[in-house]
Structures are given as C-alpha cells and as structure tokens.
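Engineer: Encoded as structure tokens, here's the structure I'll be asking about.
The values are calculated or read from the model by the stated rules, or taken from the named source; none is laboratory data. Note that the structure is a prediction, hence the values are computed from the model and not measured. As a convention, Cβ positions derive from the backbone with ideal geometry for all residues, glycine included, and neighbour counts pool all protein chains shown.
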Amino acid sequence: MNRLLNRLPFQPLTLGLMAAGLLTLAGLGLFATRSQAADTAKPGAATATKPSLTVTTTQAQSGMLPIKLAANGSVAAWQEASVGTEVSGLRVQELHAAVGDYVQRGQVLATFAAESVQADVALARAAVSEAQANAAEALANADRARAVQGTGALSAQQVNQYLTGELTAKARVESAKAQLDSQLLRLKHTQLLSPDSGTISSRTASVGSVVGAGTELFKLIRQSRLEWRGEVTSAELGRITVGTNVVVTSPTGAQYKGRVRMLAPTVDAATRNGLVYVDLNGAVAGTKATPGAFKPGMYARGEFELGSSGALTVPQTAVVVRDGFSYVYRVGADNRIAQLKVQTGRVVGDQIEVQSGVKPEDKLVAVGGSFLSEGDLVKVVEAPKAASKPKEAVAPEKTAQAATK
C-alpha cells in the first residue's frame, strides 16, 4: 500500500513529459514541411526537365549533284598477241625475255639452235650454183642451135631439144634460188622477234625444248594498254553512249578516268547484262620495274558520269540508320525532338541526298542523333567555327538576323 502511494505523485509528471515530447516532434515535422514548400515556391527553382543532349543544328542545302551509274567489271588487256615459232623441229637455245618485261617492237625474245638450218642454207647455195652452171651450158647449146637453124646441120628435133634445155635450165635456177630463200627465211626465224611493243604476260618456252611450228611461246599485252569491261543491265545500257566518261576504282583504291570505246552488240542471255568497253587513260599493264595499279583479270568498280540534277543534301552525320531505315531528327521551337523518316539517295563527299521527308527550313540535329528519341528535350548551341582568316566586322543588325535564322 505504501509503495503504491509513493508512485502516485510521479505518474502525472511522466505523462506530461511524454505529451510534451510528442508535441515537439509534431511541430518539427510541420516546420520542415512548410520550409520545403517554401523552397519549392521560390522563383528560379529547378522544376523544368533537364535536356537530354547538347546539339548543333544544320539545314538541308539545295544544289546540283552528278548523276552516276555504278557497275562492276573486269580489267583486261586491250589486245593480247600470241607469239610463237614458225619453224618446226628447232631447239630453244636461249630466252631473252621473261614475264613482266616490257619489250619493243622487233626485240629478240628467244633464239633457236641454227646449225642444221645453216647446213641447209649451204646446200641450197650449192644447188643454186649447180643450176646456174647447167643453165650456162644449156644457153650456149641453144645459141649454137639457133645459129645453124635452117642450114640442115641439125634436125629440127635437135634444135627444139637445145632450146627446151635452155628453158629447163633457167627454171631450175629459179627453183634453186627459191629453195635458198626458203632456207634463209628459216635461218631468220631462228630468232623470235616481238611483233609489237608491250608487256610480256605469259611465257611457256623453256631452254632446250624442241618446238613445232605454230607453238605459242609468249603472250604479249599490246602497247601495255588496258581496258575495263563493265557489266551493265540491259535496262541501263541505253543510258550510256560512246564517249561517256567513266571513273574506275581498283581494289587498291587507285582511280583512273576512262572513256567508253564501244558497247557490246549483244546481251548475255543468262545474266541479261551487256558489256561496256572502257579505255583506261593512263592505266598500263605493270612491269617488273614499275608495277601498275590495274592488272588484267582484276575486278574493279566503275561509275559512268551521266550528267547532273538538283537535290537537297544534308551532312552524313545527320542521318541515322535504324532497323534498315534512315532517320533525321528535327529540333522544334520548344527544343523538342521529332524523328523524321527519310529516303536517301546519292552520296557526294560528306553530303548525302535526301529525296523525301525533309524541308529546307527544318533545323536538324547535325551530330549525335543516334542518342535521341522522339520527344527528347535538347539544348541547342552554335557549331564551332573553323579557324580561318579574320573577316571584316559585321553590323550588329546583320549578326542578329543571322542568329535568328
């Protein structure tokens, strides 16, 4: 009983302290809420959405772009000569040209063993001498027969025999001379000469081999001239004419300007493609000393220059390809992004043609469009100017007008 009485005086004091603490906490919470609300209501508070990206803008430019027709094809020799021997049964003694050498017209390419031919020439000369001696005797007999003809010293038959013998002897001399000429020609052919200037593209001859007449020993690219044979569809073949300029690019990146020399008179029935023969100006078959950028058999790409036409172009960096489609990003008056689907065309340098989807007055994101989406907020800044010579001062009115464009 006494313990209970001792506690009673302290119970109200405890309850009061607890109530005071609760009121204090409630007051602090209310003060924090009001302070937060007051801060939010202050002018200049960051309530706007933060821009997604800082960008520069560009606009489509109108101008003239070249019309080009691209095609693929093979590089080939303008003409290739087959060089072979005209004498049968001769042994190759020495070779004077190899693959890749540039040779001149009349230059010796190979020599054959000439001992047997020289012996035949000596026999032919002896036969000519013998025929000439017999012809001299026959001529003397014929002269004597003509002198006594009609006197009865010789019968008519004998006179005819002497006269016929003269003609026969002369014919034998001519025959012997022809045989000698033939052997001299064989002797001349023991040296194989180049029929034209050009580059040796193939050599099948080997020292010591015995070759027959007509055997090909060398192949020669005449005058080292090359041509490009472009494959063009039958529908596009009519757009090309003789004399059209062409730019041909090799796999190494080297470019040569050419001109259409001829159009094929027929079209391949399997591929429906026709060949266009283009002379490559300045492109020659490479030699061992000076390798060329083009080689026969090489596959190359060419562009036919067919004129020019007007077009709208934008920088290539402004076009983004997504899911197989091309897009540009227009910046609206509120700096919000609108994604526009466009149809692209020709590419010239760092510019690309936009055939549809863009107007000249549209402000487009110049770089970084791949990081944006429809409705994004961006911050627009001026593009940095390239370093150049100082320009004359511009009036403030003109500067302001340029900034508003």
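Engineer: Report yes if Thr241 is more than 27 Å from Ile352 (Cβ to Cβ), surrounded by fewer than 20 Cβ atoms within 10 Å (Cβ to Cβ), of a type in the set (S, T, N, Q) and touching a Gly at 6+ places or on another chain (Cβ under 6 Å), otherwise no. Break it down stepwise before answering.
Structural biologist: Values: more than 27 Å from Ile352 (Cβ to Cβ): yes; surrounded by fewer than 20 Cβ atoms within 10 Å (Cβ to Cβ): yes; of a type in the set (S, T, N, Q): yes; touching a Gly at 6+ places or on another chain (Cβ under 6 Å): no.
The answer is no for Thr241.
Engineer: Any residue in the stretch 252-276 that is assigned to a loop (DSSP other than H, G, I, E, B) sitting within a Cβ distance under 8 Å of a residue that is not small (Gly, Ala, Ser)? List the pairs, counting only those 6 or more apart or interchain.
Structural biologist: Ala254/Phe294; Ala264/Leu275; Ala264/Val276; Ala264/Tyr277; Val267/Leu237; Val267/Asn273; Thr271/Glu231; Arg272/Thr233
Engineer: Could you say whether any residue in the stretch 330-338 is crowded, with 16+ Cβ neighbours inside 10 Å, in a strand (DSSP E or B), of a type outside the set (D, E, K, R) and in contact with a helix residue (DSSP H, G or I) (Cβ under 6 Å, 6 or more places away or on another chain)?
Structural biologist: Of the residues in the stretch 330-338, the ones crowded, with 16+ Cβ neighbours inside 10 Å are 330-331, 337.
Filter once more, keeping what is in a strand (DSSP E or B): 330-331, 337.
Right, trim to of a type outside the set (D, E, K, R) and you get 331, 337.
Applying the additional criterion that residues be in contact with a helix residue (DSSP H, G or I) (Cβ under 6 Å, 6 or more places away or on another chain) yields none.
Looking through the stretch 330-338, none of the residues is crowded, with 16+ Cβ neighbours inside 10 Å, in a strand (DSSP E or B), of a type outside the set (D, E, K, R) and in contact with a helix residue (DSSP H, G or I) (Cβ under 6 Å, 6 or more places away or on another chain).
Engineer: Please find, within the stretch 179-218, the residue that is surrounded by the fewest Cβ atoms within 10 Å (Cβ to Cβ) out of those that are aliphatic (A, V, I, L, M) and assigned to a strand (DSSP E or B).
Structural biologist: Applying the first criterion (aliphatic (A, V, I, L, M)) to the stretch 179-218 yields 180, 184-185, 187, 192-193, 200, 205, 207, 210-211, 213, 217.
If we keep only those that are assigned to a strand (DSSP E or B) as well, we get 192-193, 200, 210-211, 217.
Details: Leu192: 25, Leu193: 14, Ile200: 22, Val210: 12, Val211: 22, Leu217: 21.
Within the stretch 179-218, the match that is surrounded by the fewest Cβ atoms within 10 Å (Cβ to Cβ) is Val210.
Engineer: Please tell me if Arg346 is under 15 Å from Gln59 (Cα atoms) and out of contact with any helix residue (DSSP H, G or I) (no Cβ under 8 Å at 6 or more places or on another chain).
Structural biologist: Working: under 15 Å from Gln59 (Cα atoms): no; out of contact with any helix residue (DSSP H, G or I) (no Cβ under 8 Å at 6 or more places or on another chain): yes.
So Arg346 does not fit the description; no.
Engineer: Working carefully through the options Gly324, Gly345, Gly349, find the one that is farther than 19 Å from Met64 by Cα, of a type outside the set (D, E, K, R) and modelled with pLDDT under 90.
Structural biologist: Gly324
Engineer: Against the conditions (1) surrounded by 14 or more Cβ atoms within 10 Å (Cβ to Cβ); (2) in contact with a Gly (Cβ under 7 Å, 6 or more places away or on another chain); (3) at pLDDT below 95, where does Arg259 fall short? Just the number, please.
Structural biologist: Result: Arg259 passes all but (1).
Engineer: Mind checking which residues of the stretch 277-307 are in contact (Cβ under 8 Å) with a residue 12 or more places away in the chain and of a type in the set (Val, Ile, Thr)?
Structural biologist: Result: Val278, Val284, Thr287.
Engineer: Okay, next question. Could we say that Ala171 is part of a helix (DSSP H, G or I), under 60 Å from the mean Cα position of the chain (by Cα) and without any contact (Cβ under 8 Å) to a residue 24 or more places away in the chain here?
Structural biologist: Working: part of a helix (DSSP H, G or I): yes; under 60 Å from the mean Cα position of the chain (by Cα): no; without any contact (Cβ under 8 Å) to a residue 24 or more places away in the chain: yes.
Criteria not met by Ala171.
Engineer: Where in the stretch 51-112 are the strands (runs of 3 or more DSSP E), entirely inside, with at least 2 residues that are modelled with pLDDT under 90 and surrounded by fewer than 19 Cβ atoms within 10 Å (Cβ to Cβ)? Even if it seems obvious, please write down each step before you answer.
Structural biologist: Numbers: elements: 53-55, 61-77, 80-84, 90-95, 108-112.
By residue number, 53-55, 61-77.
Engineer: Do any residues in the stretch 90-113 that are under 17 Å from Pro195 (Cα atoms) and touching a residue at least 40 places away in the same chain (Cβ under 8 Å) have Cβ atoms under 7 Å from those of residues that are among the charged types (D, E, K, R) and not in a loop (DSSP other than H, G, I, E, B), where the two are at least six apart or on different chains, and which pairs are they?
Structural biologist: Ala98/Arg203; Val99/Arg203; Ala110/Glu94; Thr111/Glu94
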